[in-house]
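All remarks here apply to the structure that follows.
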Amino acid sequence: MSGGREPIVTVRNLRLWYYTRRGVYKALNGVDLEVMRGEVLGVAGESGCGKSTLGLTIMGLLPRNAAIVDGEVLLDGFDVVKPLREYYKKAKRFRPDKNEDVLKRLHKEMTRIRGVKVTMVFQEPMTALNPVMPVGYQIAEVLLQHNMSLLAKRRLARAKATKDDVKEALNFLRANDYAGLIEYVKAKGLEGLEDQMLAIWRRRDLHDLVKEIRILNMCCDPVNPIIESGLKYTARTNKLPAAPVIRQLVRRELVKEGYRKAAEFLGLLDMPEPEKVVRMYPHELSGGMRQRVVIATAMINNPELVILDEPTSALDVTVQASILELLNELKQQTNAAFIFISHDLSVLYQVSDRIAIMYAGKVVEVGPRDAVFKEPKHPYTQMLMEAVPTLEPHELKGIKGEVPDLRNPPKGCMFHPRCPYAMPICREREPPMVDLGNGHRVSCWLYSGGERK
Amino acid sequence: MHVGGVYKLIAVYINPRLTGAARQQQIQMLIQKFHLNQPIYVQYFYWLASVLQGNLGYTNTPIFSGPVTQAIALFFPNTALLAVLGGILTWVLGIPLGTWSAVRRDKPDDVAIRVFSYTLYGMPIYLIAVILIIIFAVWLKVLPISGTVNPSLLVGLPWYRNGISYPTHVLLIDALIHGDWYIALDALKHIILPSLTIALAVMAGVINILRASMLEVLEQDYVRFARSKGLPERIVINKHARPTAMFPVYTNFAYTVAGLLGGVVIVETVFNYPGIGYWLTQSMLNNDMGGIMAGTLLFGIIFVTTSLVLDIVFALKDPRVRLG
Amino acid sequence: MAKGGLTSRILTPERKLSLQVFFSNKLAVVGLVIVLAYVADALIVQFAPWLIGLKHPFEVIPDYSNPVPQPPSWKHPFGTTYPGIDLLRAVIKAIRLDLGLSVVVVVPGALLGIVIGIVATYFGGWIDDVLMRLTDIFFSVPYLVLAIAIGYALGRTITSMVIALIIVWWPLYARYTRSVTLQVKELTFIEAARAAGASNYKIMFRHILPNALPPVLVQMSMDLGTIMIVISGLAFIGFLPVANIPELGYLTTLGLNYINTAPWTVLVPGVFIVIFAVSVYLLGMGLMDVINPRRRSSL
């Protein structure tokens, strides 16, 4: 499943330390990982193993007391942590405010990547959403920032299309001929129309007839000529026109269109009454709805990578199930890669293609999902699998000992204090990552002799 | 004549222009009328009753003698102008400084702003006034320190009679209305220092609250989320962080207004600015009952009304609060 | 190694951490030092003025032979103000008065407010309502104005000023304590205490009070600064009809006529107020850091 694809994210020997009043926490201790395009990589581990930190690092969203001691994070070729690493190597003493300067410059550079190539879904949807802004605006904001031309094109298409144009386009939809639809739309100069039509067509909460009616209504919606020329400019250049009054009018129109598209997307995510929801505030929505809003924000601009940090942990089980279903569908429909971070192995089993197990800031095992779940090689992974309750009763074994204090990590292999197979060498040196074939890799001295399956 | 003790309240109603026997007569009549042979709380009740009927009595101070209602009409507009200008300056200067200080946390700019605001916080208002006077009137000699306008400019003006300007009793505004730019400019010069003093005094609190609130907000998930959308820092700060951080500033505004009003009293006294604060101080110094009673009542009313109005406005702005 | 004995019983790990947190905040330490200096000044002037050679510790002595304010010099390190008053001596005396007055206002006001706040909130019902209305009334007038009004009613003396300010200030503490009491009242351990037979009085003062105390203490220390500012403000506008009192606000008025020629006369007294207010504020912030567990673990 992961063969023959290229990586979109490559992490090499990433080491990250948090400087706090209570000491220096070594949160990441040499993480090596790759995420292939279009796959779902599950990242598992207990609290404090560094999985969330890893996600944030890929996005460059670190707090100012996080120092990148070594390593690289290549996001589509761009090394996200380079400036931070260079600051740390040069600085005689780590100072958070100087680090913050570097971080701010990094934010500036990454504004072109975030929201376009990579987005993130946070754990707590209630805190991730701004409480005093309507949710629709928060979703549309991504497009208003990065892809105004799409919104402009949609609006213009609706203004330009005639009843007949729309009827013909509908025929393509009925025949499931998406390619044909796109060609037709291009030929008629109605780009932007297909985006709207498909969004309606793919919804599952509407009856087919309702869908057809709505699609047929997508024509003959003329726009004030002054605004229209502004919109054409935006459609071409992806920027707002410079002239003062026109600028505001065009922006208002784009915001309206943004709300519209947000509602469409929420409909695709099975949100009831999306047109009403987009004008509501986060506190008026339920947990599942809020998480859908956050997912919509993350996916509306077709990113290449979506990082999900415990997206279901704050929700109850039934809602969790629906969100997972949603994600599986999105997986099919888009070609984005997903990094799904969770401590819940059963959840990860349902969505991942490959899975990585983390412990105390290192990746201890990584490989195709079935390989890791059915034949775990690392002692930690094995114990994790035995600790998960399943439908077939088996003896639930806990793992002895405690997660190490990251201010003083153990020498050698991080897991050796708790490992039942610990050997003298485990106490002395960190085990290298060994390839067991089929993309299944382990970092453990039990296999360092190159033991193959 | 100084009326004291149980009869203190009468002083409010003795027309200061009466003398001798006529005065004695009025006093006797008043004693009868106002039940002054009865305990003080009963008297207070009657005073309140007459207030509600519009009769606030008389005041007798160096700057003004006569009916209280007239005094209010004369002084209140000036104070209102001063308070409004002070409030505007506080807002215009304080909000950006507070935001900037939080965004540039621990940098030299932040440290400078914090030193500035902590020092201001610890300064009595009269000291701020005095320092401004020293800087602008003594060293730089650019601004005047007393009154509302240079009196020599007012000679022979049609809209200024007997020390009162028409139609609004506020020199600055009337000058603008009548198109007299020179006088308006002079009036402006007279009002800058007082309003700046008030603004500085109140700004300290605003900056402190805003800074603390912004720092908290900047740690929040939704700010991180906004950044994760690839929004430029400027938009993250101005559209996401600051609006939410402003709420503690709004809720604390009642105290800010209280500070403003208290400050007005001292500032007007220092700058000889003819507003109700100055009148109140003069009443206090001259034991003028009418002035003090009316002044206290007035300040109370103003404060309650402003707080109420502001509370409502700010509650409307918060989408988490829905009426009914 | 853990040692037994008195030291380790007083210095529990919890308290040690608190001390550490406090002393790591350099600004708070500076504030503490300055506040202690002021307190020392007040105590010396009050009880042992001869230690620093003060013959008239409770009033300011004018020298009419040389009434014009003199600039700072060796003889008069802070200069003199009208009429011939040495500012250094005057300020030393004034600190005692101002600090003393602040304490006399804040401590009784806080006590009054705390007691009323806890009692009224704990019993709830109409008592609580009355309390709220009462505090609302007192909040509805700016404190300076109310102080002036009360001062007028009772006569303009130091005593009446103190009483006026106490009256104006206690509602703040009542409100403060009220919010804490409301939180604590509902906690289960109160129910447990009641079930064990504790009387209302005991519950209020042994359980609720210790919880309410820390933030209130912080507020009290910061209020010392605020009240000093208010007192000097009242003195400045002439509330006290006496001359030659060592009071920082009053001293400022002496120099008002000489702003052009002798700015130090108005600046020196004020500066000493500012120093105190800022120090006490920094001290309060340092204390807040100590009692607020959230702030301890972040950088």
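The values are calculated or read from the model by the stated rules, or taken from the named source; none is laboratory data. This is a predicted model, so every value here is computed, not measured. So basically every Cβ, Gly included, is an ideal-geometry build from the backbone, and we count neighbours across all protein chains shown.
So that you can scan it fast, the table gives a plain yes or no per residue for (1) surrounded by 15 or more Cβ atoms within 10 Å (Cβ to Cβ); (2) touching a residue at least 60 places away in the same chain (Cβ under 8 Å); (3) under 23 Å from residue B:113 (Cα atoms):
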{"site": "B:152", "(1), (2), (3)": "no, no, no"}
{"site": "B:160", "(1), (2), (3)": "yes, no, no"}
{"site": "B:172", "(1), (2), (3)": "yes, yes, no"}
{"site": "B:200", "(1), (2), (3)": "yes, yes, yes"}
{"site": "B:205", "(1), (2), (3)": "yes, yes, yes"}
{"site": "B:214", "(1), (2), (3)": "yes, yes, yes"}
{"site": "B:219", "(1), (2), (3)": "no, no, yes"}
{"site": "B:227", "(1), (2), (3)": "yes, no, no"}
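Taking the listed residues B:188, B:210, the one that is under 19 Å from the mean Cα position of the chain (by Cα) and either over 26 Å from residue C:288 (Cβ atoms) or away from chain A (no Cβ under 14 Å) (or both) is B:188, with no other qualifying.
So in the range A:22-66, with the set limited to residues that are within 14 Å of chain C (Cβ to nearest Cβ) and in contact with a Lys or Arg (Cβ under 7 Å, 6 or more places away or on another chain), which one is surrounded by the fewest Cβ atoms within 10 Å (Cβ to Cβ)? Of everything passing the filter in the range A:22-66, A:23 is surrounded by the fewest Cβ atoms within 10 Å (Cβ to Cβ).
With respect to residue B:233, determine if the residue is in the same structural domain as residue B:94 (by TED's automatic domain parsing), within 22 Å of residue A:298 (Cα to Cα) and surrounded by fewer than 24 Cβ atoms within 10 Å (Cβ to Cβ).
Here the answer is yes, as residue B:233 does meet what is asked.
Quick check on residue B:309: is it free of Cβ contacts under 8 Å to residues at least 12 places away in the same chain, more than 9 Å from chain C (Cβ to nearest Cβ) and either part of a helix (DSSP H, G or I) or not small (Gly, Ala, Ser) (or both)? Judged against the criteria, residue B:309 is a match. Applying the condition of being at pLDDT 75 or above and crowded, with 16+ Cβ neighbours inside 10 Å to the range C:118-131 and asking which residue is farthest from the chain's Cα centre (by Cα) yields C:128.
Does residue A:240 count as of a type in the set (A, V, I, L, M, F, W, C), surrounded by 15 or more Cβ atoms within 10 Å (Cβ to Cβ), assigned to a helix (DSSP H, G or I) and in contact (Cβ under 8 Å) with a residue 24 or more places away in the chain? In short, no. Screening residue C:112 against (1) hydrophobic (A, V, I, L, M, F, W, C); (2) within 30 Å of residue C:62 (Cβ to Cβ); (3) touching a helix residue (DSSP H, G or I) at 6+ places or on another chain (Cβ under 6 Å); (4) modelled with pLDDT of 85 or more leaves a single unmet condition, (2). Looking at the range A:91-112, which of its residues are among the polar types (S, T, N, Q) and more than 8 Å from every other protein chain (Cβ to nearest Cβ)? Passing the criteria: only A:99.
If you take the residues in the range A:113-144 that are facing chain B (nearest Cβ under 8 Å), part of a loop (DSSP other than H, G, I, E, B) and in contact with a strand residue (DSSP E or B) (Cβ under 9 Å, 6 or more places away or on another chain), which one is farthest from residue A:320 (Cα to Cα)? Here the residue is A:113. Please indicate, with yes or no, whether at least one residue in the range A:304-318 is more than 21 Å from residue A:132 (Cβ to Cβ), of a type in the set (A, V, I, L, M, F, W, C), touching a helix residue (DSSP H, G or I) at 6+ places or on another chain (Cβ under 6 Å) and not in a loop (DSSP other than H, G, I, E, B). Checked the range A:304-318: at least one residue is more than 21 Å from residue A:132 (Cβ to Cβ), of a type in the set (A, V, I, L, M, F, W, C), touching a helix residue (DSSP H, G or I) at 6+ places or on another chain (Cβ under 6 Å) and not in a loop (DSSP other than H, G, I, E, B).
Residues being more than 11 Å from chain B (Cβ to nearest Cβ) and within 17 Å of residue C:159 (Cα to Cα): count how many of those fall in the range C:216-237.
Looking only at the range C:216-237, we keep the residues that are more than 11 Å from chain B (Cβ to nearest Cβ), and these are C:216-221, C:223-224, C:227.
Going one step further and asking which of them are within 17 Å of residue C:159 (Cα to Cα), we end up with C:227.
Selection size over the range C:216-237: 1.
Restricting attention to the range C:256-280, the residues that are farther than 19 Å from residue C:246 by Cα and buried (at least 23 other Cβ atoms within 10 Å of the Cβ) add up to 2. Selection within the range C:245-276: residues that are at the interface with chain B (Cβ under 8 Å from one of its Cβ atoms) and part of a loop (DSSP other than H, G, I, E, B). The member of this set that is farthest from residue B:117 (Cα to Cα) is C:260.
Please verify whether residue B:226 is under 30 Å from residue A:308 (Cβ atoms), touching a Leu at 6+ places or on another chain (Cβ under 8 Å) and within 14 Å of chain A (Cβ to nearest Cβ), treating the condition exactly as stated. Judged against the criteria, residue B:226 is not a match. Looking across the range A:273-314 at every residue that is polar (S, T, N, Q) and surrounded by 23 or more Cβ atoms within 10 Å (Cβ to Cβ), the one that is nearest to the other protein chains (Cβ to nearest Cβ) is identified as A:297.
Residue selection: residue A:184 satisfies the criterion of being part of a helix (DSSP H, G or I), out of contact with any Gly (no Cβ under 8 Å at 6 or more places or on another chain) and hydroxyl-bearing (Ser, Thr, Tyr). Taking residue C:88 as the residue in question, decide whether it is touching a residue at least 24 places away in the same chain (Cβ under 8 Å), more than 14 Å from every other protein chain (Cβ to nearest Cβ) and not acidic (Asp, Glu). The answer is no for residue C:88. Can you give me the number of residues within the range B:78-124 that are under 26 Å from the mean Cα position of the chain (by Cα), part of a helix (DSSP H, G or I) and either outside the structural domain of residue B:205 (by TED's automatic domain parsing) or among the small types (Gly, Ala, Ser) (or both)? Total meeting the criteria: 7.
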